[in-house]
Amino acid sequence: MGEKAATAEVIEDLATALGDEHVIVRWHACKALAEIGEKAATVEVIADLATALGDLDYLHTVFGIHRSRLV
């Protein structure tokens, strides 16, 4: 994703996608935000990322970490 495409609206939409019910949507939103880099590192986005990373199902699906190791 080029820097021109990384508008505030796109970043906001990706941050919203971090809360999607489908893990694959959350995963792709994380990847896209990572590609955008510092421009996406707002307080709101960081908070949304922290919430997404706190989702045990997300961690298991994306990183293969078994739930029993997380609780």
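For region 13-53, the extents of the C-alpha atoms along the principal axes are 25, 17, 17 Å, listed from largest to smallest. Arranged from fewest to most other beta-carbon atoms within 10 Å of their beta carbon, 24, 36 become 24, 36.
A short reminder: the numbers here are calculations on the coordinates, not readings from a lab. Computed from a predicted structure; not experimentally measured. Counting neighbours? That spans all protein chains shown, and the Cβs are built from the backbone with ideal geometry, glycine included.
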